[in-house]
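Below: the structure, in structure tokens.
The values are calculated or read from the model by the stated rules, or taken from the named source; none is laboratory data. The model shown is predicted, which means the values in this text are computed figures rather than measured ones. No Cβ is skipped: glycine too gets one built from the backbone with ideal geometry, and neighbour counts run over all protein chains shown. Keep in mind that these areas ignore ligands, DNA and RNA; they rest on the heavy atoms of the full protein, side chains included. Shrake-Rupley method; radii C 1.70, N 1.55, O 1.52, S 1.80 Å.
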Amino acid sequence: MKTLFFKYRTVASVCTLATMAIFFASYRPAEKTWVAIGDSITYLNDHPNETGDRVTKGYLTAVTDEYPGLRYINKGYNGWTSGGIAQNIDKLGLVPADIYTVFLGTNDWWSERPLGVLTDYTTNKGNSTVYGSFRIIVNKLRSLNPGAKIILITPMQRNDFVYIADHKNKAYGSYRAKKGQTLEAFANAIDSIGQADNIPVVDLYHNRKLDIKKLVKFKRLKDTLTGQYKNYKYPASIDIPFDPSKDDYPYPIESVALTYDGLHPSDAGYAIITDALLKVFKKLDFKSAINTQKLASDTLPTRWTKYIDLDTYNKPFWNTDVVVDESVQVIRDGSQTTSKLLLPAKTIVSVRAADYSKVFVQGKDWEQADGKLVIPAASTVPFLTPADLIFDKPKPGNSFGAKTAGKYVLYNSGSYFMSKQILVTYIPAAGTKWQGPVPKLASGGLPNTIALLKKSKAIKVAFLGNSIEVGLNASNLEKLPPFMPNWPELLIHNLRKNYGKNVSFVNRSVSGMMAKWGMDSVSRITSQQPNLVVIGFGMNDGTQRVAPDVYRTQIKGIIDAVKATNPNAEFILVAPMLANPDSGFDGLQRSYKVELDKLAGKGTIVADMTAVHAELLKHKTYQDMTGNNINHPNDYLSRWYAQLVAGYLVK
């Protein structure tokens, strides 16, 4: 009996193990498909023999090595332009996919295709310009899978090109315009398409690692005086003639750097392209989508990826060709409707609900006239009235006292104002620009910080402030699309994008606090040994009418305490945004910037958000930019915070 039992148990165990083995062997993460549309740079991934065996791994193979559950389909075509792709879009055998990349532009430039203007894209003008071609391509991809992720890749810079298999096939580099158009203009066009349509862009043209000087080590050419071959580095090489019928191939194997022929990437060049693309994949959380079968959306660490591109959101409003998602609160007073944009609009690209729940229709919900956004009477765009904003009787939980005795101001600590606001993307009219403060890289003011960042060394940033730094009323904390992070996190995202992963941070801000609390609680950050401290008090101090000199003393107390533990620490002092001027919260906020200036010097600078907000209020209403109508910014104004501070840290 014992023997029989033992045999039975053994057989049962073997069966169980076999079943488990079959289960685990059969389990695979759900495979995802990536369709890569491009020219020869994409094509050569699967045809290394056509590179003279100078390439062993292209970017498609390298990316899928990092994502085992990702299968690529190579739709690269030698010499093709975006116009060729668009013309043949229905003949290419494109299939529904989870990810599409579009890597085109360099042949458009060389073949002298008209670049066109952004409205060729936004209004679907057809295939006569590069902008129009990209519209056709994007439309096709969205028709195949509306939920797919699309990534645009700009052309990289190029040196003089000579085809390894046919020396007569040659072209000069991007250092010179062709028919009045620069290759950089084509890269910028692709970037503007991404901004306008909220599509992530991998900008290879402006990637410093792919600078034209690094593409080849030299070009071997005949000295015009001696007739002897000589190795010429860029830019000296561009003035030396090359005769394809008589001269040796100018790019011997020892000249290979980031390209092997002046144009097409080498293994080293493809590695840089791969890294740039992987960064975008990571932002869009492809790894979790590819390597797991299912992950609940509320567990995703970056819920914003479905709605917005943080690189676009971090692009300074004062230095962009396309203003993306400027918030507007429509206010209707009888027959008069107010819907203010910061700058006159040349072209309004889109109007959508602030929570991304709806896209409003031009001609029905909105019009453009004389550079302004016009909201017709029958529009479905939400609005408020003056009577909604200031009234005679209090609304418990939804109002605060106004400056005017016996009056009350509308207030809501949740998502109410977001539900009423709209987001407008537009191209500003020519000659119009931001008139407020524009930050500059603080190399002199923050020498230690800038040195650490430029060298990509480990640096820790600490934030100490109030609810504005916590991010109250930012969409992420409200748990509503587009789930934009608070402004400190936006800033850190920007720093990591520009300087790498060695940027760490802690946010020790607490809602409702003032500078006195910050001074008394400074151990919350000194224990972290930060290199850079961003201090953001002033809103609540101003409401409580803390004397300006007392406020300055308390801020100085924070600085002194941090320096006592780390003498090399540096500081950014953020002068506060303004409270609603109609509310009782409006106090001494405007007076604090002058006091912060008295603390500025080497190692300490002031970011004047007070002046930024004041300038904005010359052109827009308070309700356009608020999360609670009292003293909190919405996503749009939070972006101004992040962009202003980043301007001192990122060139």
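In segment 224-246, which residues are in contact (Cβ under 8 Å) with a residue 40 or more places away in the chain and either open to solvent by less than 70 Å² (accessible area, probe 1.4 Å) or of a type outside the set (Gly, Ala, Ser) (or both)?
If we filter segment 224-246 for residues that are in contact (Cβ under 8 Å) with a residue 40 or more places away in the chain, which is where we start, we get 234-235, 237-238, 242, 244-245.
Passing the criteria: TYR234, PRO235, SER237, ILE238, PHE242, PRO244.
Is it fair to say THR56 is at pLDDT 95 or above, outside any helix (DSSP H, G or I) and not basic (Lys, Arg)?
Values: at pLDDT 95 or above: no; outside any helix (DSSP H, G or I): yes; not basic (Lys, Arg): yes.
Answer is no for this residue.
Can you name the strands (runs of 3 or more DSSP E) wholly within segment 329-385 that have at least 1 residues being acidic (Asp, Glu)? Quick ask: steps written out before the conclusion?
Working: elements: 331-333, 336-338, 345-353, 367-369, 372-374.
The qualifying strands (runs of 3 or more DSSP E) are 331-333, 367-369.
Taking the options TYR43, TYR8, name whichever one is modelled with pLDDT of 85 or more, open to solvent by 20 Å² or more (accessible area, probe 1.4 Å) and of a type in the set (Phe, Trp, Tyr). It would help to see each step written out before you state the result.
Details: TYR8 fails: modelled with pLDDT of 85 or more.
Unique residue meeting the criteria: TYR43.
What is the number of the single condition among (1) under 22 Å from ASP309 (Cβ atoms); (2) touching a Gly at 6+ places or on another chain (Cβ under 6 Å) that SER509 does not meet?
All conditions are met except number (1).
Check whether at least one residue in segment 322-344 is open to solvent by 50 Å² or more (accessible area, probe 1.4 Å) and at pLDDT 95 or above, and report yes or no.
Scanning segment 322-344, I find at least one residue that is open to solvent by 50 Å² or more (accessible area, probe 1.4 Å) and at pLDDT 95 or above, so the answer is yes.
Going through segment 315-349 one residue at a time, which ones are closer than 21 Å to LEU616 by Cβ and polar (S, T, N, Q)?
ASN319, THR320, SER327, GLN329, THR337, THR338, SER339
Out of all the residues in segment 96-111, is one or more without any contact (Cβ under 8 Å) to a residue 40 or more places away in the chain and either out of contact with any Ser or Thr (no Cβ under 6 Å at 6 or more places or on another chain) or open to solvent by 50 Å² or more (accessible area, probe 1.4 Å) (or both)? Before you say what the answer is, go through the steps one by one.
Initially, segment 96-111 is screened for residues without any contact (Cβ under 8 Å) to a residue 40 or more places away in the chain, giving 111.
Now restrict to residues that are either out of contact with any Ser or Thr (no Cβ under 6 Å at 6 or more places or on another chain) or open to solvent by 50 Å² or more (accessible area, probe 1.4 Å) (or both): 111.
Checked segment 96-111: at least one residue is without any contact (Cβ under 8 Å) to a residue 40 or more places away in the chain and either out of contact with any Ser or Thr (no Cβ under 6 Å at 6 or more places or on another chain) or open to solvent by 50 Å² or more (accessible area, probe 1.4 Å) (or both).
Starting from segment 332-355, take each residue that is more than 21 Å from THR432 (Cα to Cα) and free of Cβ contacts under 8 Å to residues at least 24 places away in the same chain and list its partners that are outside any strand (DSSP E or B) and among the hydroxyl-bearing types (Ser, Thr, Tyr), counting only C-beta distances under 9 angstrom and pairs at least six apart or across chains.
Cβ pairs passing all conditions: GLY334/THR385.
Are any residues in segment 431-457 open to solvent by 70 Å² or more (accessible area, probe 1.4 Å), part of a loop (DSSP other than H, G, I, E, B) and either among the charged types (D, E, K, R) or at pLDDT 95 or above (or both), and if so, which ones?
LYS433, GLN435, VAL438, LYS440, LYS455, LYS457
From the set of residues in segment 59-87 that are hydrophobic (A, V, I, L, M, F, W, C) and in a helix (DSSP H, G or I), which is nearest to PHE134 (Cα to Cα)? Write out each step before concluding.
Going residue by residue through segment 59-87, those that are hydrophobic (A, V, I, L, M, F, W, C) are 60, 62-63, 70, 73, 80, 85-86.
Right, trim to in a helix (DSSP H, G or I) and you get 60, 62-63, 85-86.
Working: LEU60: 21, ALA62: 26, VAL63: 24, ILE85: 9, ALA86: 7 Å.
Among those residues, the one meeting the criterion is ALA86.
Are any residues in segment 481-507 crowded, with 20+ Cβ neighbours inside 10 Å, in contact (Cβ under 8 Å) with a residue 60 or more places away in the chain and not in a helix (DSSP H, G or I), and if so, which ones?
PRO482, PHE483, MET484, PRO485, ASN486
As an exercise: evaluate THR182 against (1) among the hydroxyl-bearing types (Ser, Thr, Tyr); (2) surrounded by fewer than 15 Cβ atoms within 10 Å (Cβ to Cβ); (3) at pLDDT 95 or above and give the number of the one condition it does not meet.
(2)
Report the residue count in segment 117-152 for those that are over 12 Å from SER192 (Cα atoms) and not in a helix (DSSP H, G or I).
14
Of everything in segment 579-609 that's open to solvent by less than 10 Å² (accessible area, probe 1.4 Å) and outside any loop (DSSP other than H, G, I, E, B), which residue is nearest to ARG545 (Cα to Cα)?
GLN589
So if I check each of GLY557, GLY542, GLY538, which one is at positive phi and open to solvent by less than 40 Å² (accessible area, probe 1.4 Å)?
GLY538
When the residues of segment 184-224 are narrowed to those that are assigned to a loop (DSSP other than H, G, I, E, B) and among the hydroxyl-bearing types (Ser, Thr, Tyr), which ends up farthest from ASP247 (Cα to Cα)? Show your work before the answer.
Within segment 184-224, the first condition is being assigned to a loop (DSSP other than H, G, I, E, B), and the residues that meet it are 198-200, 203-207, 211, 215, 217-218, 223-224.
With among the hydroxyl-bearing types (Ser, Thr, Tyr) added as a condition, the list becomes 205, 224.
Working: TYR205: 30, THR224: 12 Å.
The selected residue is TYR205.
With touching a strand residue (DSSP E or B) at 6+ places or on another chain (Cβ under 6 Å) and either among the hydroxyl-bearing types (Ser, Thr, Tyr) or at pLDDT 95 or above (or both) as the only criterion, which of THR347, THR404, THR380 stands out?
Details: THR404 fails: touching a strand residue (DSSP E or B) at 6+ places or on another chain (Cβ under 6 Å); THR380 fails: touching a strand residue (DSSP E or B) at 6+ places or on another chain (Cβ under 6 Å).
After ruling out the rest, the residue left standing is THR347.
Does at least one position in segment 247-265 carry a residue that is outside any loop (DSSP other than H, G, I, E, B), crowded, with 21+ Cβ neighbours inside 10 Å and β-branched (Val, Ile, Thr)? Steps first, answer last, please.
Step one: list which residues in segment 247-265 are outside any loop (DSSP other than H, G, I, E, B), which gives 253-256, 259, 265.
Now restrict to residues that are crowded, with 21+ Cβ neighbours inside 10 Å: 259, 265.
Still in the running and β-branched (Val, Ile, Thr): 259.
For segment 247-265, residues outside any loop (DSSP other than H, G, I, E, B), crowded, with 21+ Cβ neighbours inside 10 Å and β-branched (Val, Ile, Thr): present.
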